[in-house]
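Down below is the structure, laid out as C-alpha cells.
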Amino acid sequence: MINVEWPGGAASHFTTTMRTPGDDFALAVGLLATEADITSQDISQSRYCVGPGNQQDYNTVTVTLRRPVSFNTSALRPVSCGWCGAQDLLQRLAPRIASNPQPPYHFEEIAHLFDEFDQRQANFRSTGASHAALLKARSEGSIVGEDVGRHNALDKAIGHAILDDIMLDGAIALLSGRAGSDLVLKASKVGVTHIASVSAPTAMAVELANQAGVTLLGFVRPGRFNLYSHAEGIIETYDATRVLR
C-alpha cells in the first residue's frame, strides 16, 4: 500500500499494488512521477509505516511531499497494466507531447545497452519469471528496475532516477516484454524519447509514440529491429532493419 502526505494534510491512500518486494520507495516515487507529475524537488522523505505492536510494516510506504498534489486513488492496481480502464490516454500524455527534439541514437548504442541489460536482470536469471526496465540518460549511467509486473519494473527505474535527481529528458528505455501503451505513456511523461523492446508494441502504443515524438523499436535482436515510429530518432547500419508504418 502506498500513502502520500504533505505539510498541513493527513496521509492519504494513493494505491495498493502487487509487487516484487524490494526497491519499494523507488516504486512509490515512480508511480507518483507518472501519475501526479512529482519531481525530485517535491520529495521530502519516504518511509515504511509502523504496524500493530510497533512492528515495521514493509508492505506500507508513505511518501512525504513538500507540496499538495492531485491524483486519482486506486483501491488495487494490477501488475499487468498501469492504465487499465483509462478513457483518454492522449489526454494523459498531453503535457509531454511538445517536448524538445533530441539527437538520434545509433543502433549500435542500443545493442550495447541490451547486452548490459541482459547481464543486470538478476531476478530473471534466478526465476525466469521477472520483468525489467533499463533507463539510460545521455550523460548518466544506466538504471535498472525489476519486478513481476512490466509497469512496476519501469516505475522502479523511474523512481530511482528521481531519487538520484537524474534528468530523463532525451533518455532511452529498454523493456524486457511487450511495449504496451501504459509503458509508452509512463516513459514519455518523464521525458524519455526512445523506447526499445524485445517484444511487440500494441497498436495504441504506436499511436501514442507517434503523438509524443517517441522513437519506438520492437523485436530488438542482435543486428536487427522493427521501427514503428519516428525513424529520424535512429541512425542504423543494418540492412535487415524494417520500418513499419
(request) Go through (1) buried (at least 22 other Cβ atoms within 10 Å of the Cβ); (2) within 17 Å of residue 215 (Cα to Cα) one by one and return the number of the condition residue 152 breaks. (result) (2)
(request) Might you let me know whether segment 221-235 holds any residue that is buried (at least 23 other Cβ atoms within 10 Å of the Cβ), over 16 Å from residue 111 (Cβ atoms) and modelled with pLDDT of 90 or more? (result) yes
(request) Select from segment 18-71 the residues that are part of a loop (DSSP other than H, G, I, E, B), at pLDDT 90 or above, of a type outside the set (S, T, N, Q) and within 20 Å of residue 169 (Cβ to Cβ) and list them in ascending order. (result) 38
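This table checks each residue for (1) polar (S, T, N, Q); (2) under 16 Å from residue 131 (Cα atoms); (3) surrounded by fewer than 22 Cβ atoms within 10 Å (Cβ to Cβ).
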| residue | (1), (2), (3) |
| --- | --- |
| 181 | yes, no, no |
| 185 | no, no, no |
| 202 | yes, no, yes |
| 212 | no, no, no |
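Any chance segment 147-162 includes a residue that's closer than 16 Å to residue 121 by Cβ, of a type in the set (Asp, Glu) and in contact (Cβ under 8 Å) with a residue 60 or more places away in the chain?
To start, the set of residues in segment 147-162 that are closer than 16 Å to residue 121 by Cβ comprises 147-150, 152-154, 156-157, 160.
Then drop every residue that is not of a type in the set (Asp, Glu), which leaves 147.
From the residues that got through so far, the ones that are in contact (Cβ under 8 Å) with a residue 60 or more places away in the chain too are 147.
Yes, the conditions are met somewhere in segment 147-162.
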(request) Check off (1) under 19 Å from residue 35 (Cα atoms); (2) touching a strand residue (DSSP E or B) at 6+ places or on another chain (Cβ under 7 Å); (3) of a type in the set (S, T, N, Q) for residue 176 and give me the number that stays unchecked. (result) (1)
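Quickly run through segment 192-204 and pick out the residues that are closer than 17 Å to residue 174 by Cβ and over 14 Å from the mean Cα position of the chain (by Cα).
Going through segment 192-204, the residues closer than 17 Å to residue 174 by Cβ turn out to be 192-201.
198, 199, 200, 201 - these are the residues of segment 192-204 that are closer than 17 Å to residue 174 by Cβ and over 14 Å from the mean Cα position of the chain (by Cα).
The values are calculated or read from the model by the stated rules, or taken from the named source; none is laboratory data. Owing to the predicted nature of the structure, the values given are computational and were not obtained by experimental measurement. Cβ atoms come from the backbone with ideal geometry, glycine included; neighbour counts cover every protein chain shown.
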